[in-house]
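Taking it in order: structure first as structure tokens, then the write-up.
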Amino acid sequence: MTTRTQRSRTNPDLGMLAGRLLFAVQNELFTALAAKGFDDLHPRHGAVMAYLEPSGVRATDLARLSGQHKQVIGTLVDELERLGYVRRHPDPADRRAKLVCPTERGLEQMRTADKIMAGLQDRHARRLGREAFAQFKAAFMDVTEHQRRVVAKKS
């Protein structure tokens, strides 16, 4: 009989694997960002910054894309606004809605994070082989989106 700890080491479930990957990627990304002058950001801010577009994104879309509750996104946007990374502007398509738009500092952080993430992914693609990495990423995206659809149907 294997214990839960042994199983988590030799045959971790999807949640364990996804969590390990998330925390390892966040650690590398935010450590590198801090070294480049973005030491006021924390992994929780990724729920906004990772999905931000230069032209802006509605908070409801940030919540949907990140899988976070709207209230959590609202709190994060408030923090990022105080830190100078984003501003809220009226949405030209619907004046009742607001767009979360990056400031110049936000755009600089986005460019820096994109470079860091590209390097991280390139390192794994070289290690596994580009084709194997592309297949892994496609399968991972498929599993992730399928799981999100299953959960959405149950909500």
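Looking at the stretch 30-46, can you tell me whether even one residue there is out of contact with any Gly (no Cβ under 7 Å at 6 or more places or on another chain) and under 20 Å from HIS89 (Cα atoms)? Yes, the stretch 30-46 has at least one match.
Scoring HIS89 on the criteria (1) under 12 Å from MET49 (Cα atoms); (2) part of a strand (DSSP E or B) leaves a single failure, condition (1). The condition (being of a type in the set (A, V, I, L, M) and closer than 21 Å to GLU104 by Cβ) is satisfied by just one residue among LEU29, LEU17, LEU22: LEU29.
Condition test on ARG64, is it at pLDDT 95 or above and of a type in the set (Lys, Arg)? Taking the combined requirement at face value, the residue does not satisfy it.
Consider ALA50 carefully, then state whether it is aliphatic (A, V, I, L, M), more than 23 Å from PHE140 (Cβ to Cβ) and either surrounded by fewer than 13 Cβ atoms within 10 Å (Cβ to Cβ) or at pLDDT 95 or above (or both).
no
Restricting attention to the stretch 84-128, the residues being buried (at least 16 other Cβ atoms within 10 Å of the Cβ), more than 14 Å from LYS36 (Cβ to Cβ) and among the hydrophobic types (A, V, I, L, M, F, W, C) number 5. Of the residues ARG96, ARG111, the single one that is out of contact with any Lys or Arg (no Cβ under 6 Å at 6 or more places or on another chain) and modelled with pLDDT under 95 is ARG96.
Whenever a residue of the stretch 108-121 is within 23 Å of PHE133 (Cβ to Cβ), its partners that are at pLDDT 95 or above and in a helix (DSSP H, G or I), lying with C-beta atoms within less than 6 angstrom and at least six residues away or across chains, give the pairs ILE116/LEU29; ILE116/ALA32. Inspect all residues belonging to the stretch 59-79 and state whether any of them is of a type in the set (Asp, Glu) and over 25 Å from ARG149 (Cα atoms). Scanning the stretch 59-79, I find at least one residue that is of a type in the set (Asp, Glu) and over 25 Å from ARG149 (Cα atoms), so the answer is yes. Would the stretch 19-37 turn up any residue that is more than 13 Å from the chain's Cα centre (by Cα), within 18 Å of LYS115 (Cα to Cα) and assigned to a loop (DSSP other than H, G, I, E, B)? The answer is yes, given that some residue of the stretch 19-37 is more than 13 Å from the chain's Cα centre (by Cα), within 18 Å of LYS115 (Cα to Cα) and assigned to a loop (DSSP other than H, G, I, E, B). Within the stretch 53-61, one or more residues are assigned to a helix (DSSP H, G or I) and either surrounded by 13 or more Cβ atoms within 10 Å (Cβ to Cβ) or at positive phi (or both).
The values are calculated or read from the model by the stated rules, or taken from the named source; none is laboratory data. Values in this document were obtained by computation on a predicted structure and should not be read as measured data. In this analysis, Cβ positions are derived from the backbone assuming ideal geometry, glycine residues included, and neighbour counts consider all displayed protein chains.
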